[in-house]
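Below is one structure, written out as structure tokens; comments come after it.
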């Protein structure tokens, strides 16, 4: 875990809410789901990293610049808390990875000529279509 991820996990605010799903009668009594909120602007990210994080977060980022993750997969509060923190860490680490630049490709002379030949052939097929004159 790098420095930025550790800082994000420190800044994240946790709240526990009632969950649906596994847990039986316990689910009605104990708030086992975890809602993790992180103010992205507090991280002071560089613009490219911020835009990648915003794209990766999608609907999990609200208009105030907070990433809201809800974890309710497990029966226990602690397991859901760990799950939410892991998911947030993974999201931030993915945003830091710079995508590879696409290398431009060039078509050689033979490829260009083959393309033109196929276009001419297709054009002649279309030119010969039409009404039949009886």
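Please work out if residue 19 is surrounded by 14 or more Cβ atoms within 10 Å (Cβ to Cβ) and in contact with a strand residue (DSSP E or B) (Cβ under 7 Å, 6 or more places away or on another chain).
Here the answer is yes, as residue 19 does meet what is asked.
I'd like to know if the range 56-65 contains one or more residues that are within 19 Å of residue 2 (Cβ to Cβ) and either touching a residue at least 24 places away in the same chain (Cβ under 8 Å) or over 20 Å from the mean Cα position of the chain (by Cα) (or both).
yes
Table: residues versus (1) surrounded by fewer than 18 Cβ atoms within 10 Å (Cβ to Cβ); (2) over 22 Å from the mean Cα position of the chain (by Cα); (3) modelled with pLDDT under 85.
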| residue | (1), (2), (3) |
| --- | --- |
| 4 | yes, no, yes |
| 7 | yes, no, yes |
| 10 | yes, yes, yes |
| 24 | yes, yes, yes |
| 32 | no, yes, yes |
| 38 | no, no, no |
| 51 | yes, no, no |
| 54 | yes, no, no |
| 75 | yes, yes, yes |
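Of the conditions (1) out of contact with any helix residue (DSSP H, G or I) (no Cβ under 9 Å at 6 or more places or on another chain); (2) in contact (Cβ under 8 Å) with a residue 40 or more places away in the chain; (3) not in a helix (DSSP H, G or I), residue 80 fails just one. Which one is it?
So residue 80 meets the others, but not (3).
Output yes when any residue across the range 95-105 is assigned to a helix (DSSP H, G or I) and either more than 16 Å from residue 38 (Cα to Cα) or in contact with a helix residue (DSSP H, G or I) (Cβ under 8 Å, 6 or more places away or on another chain) (or both), and no when none is.
yes
For the range 61-74, how many residues meet the condition of being in contact with a helix residue (DSSP H, G or I) (Cβ under 7 Å, 6 or more places away or on another chain) and part of a loop (DSSP other than H, G, I, E, B)?
Matching residues across the range 61-74 total 4.
Show the residue pairs that are 6+ apart or on different chains and have beta-carbon atoms under 7 Å apart, the first residue being within the range 96-117 and at negative phi, the second being part of a helix (DSSP H, G or I) and surrounded by 10 or more Cβ atoms within 10 Å (Cβ to Cβ).
Correct list of pairs: 96/4; 96/49.
Failed condition for residue 101, given (1) modelled with pLDDT under 90; (2) surrounded by fewer than 10 Cβ atoms within 10 Å (Cβ to Cβ), with all others met?
Residue 101 satisfies every listed condition except (1).
The values are calculated or read from the model by the stated rules, or taken from the named source; none is laboratory data. None of the values given here were measured: they were computed from a predicted structure. Here Cβ is always computed from backbone atoms with ideal geometry, including for glycine, and neighbour counts include all displayed protein chains.
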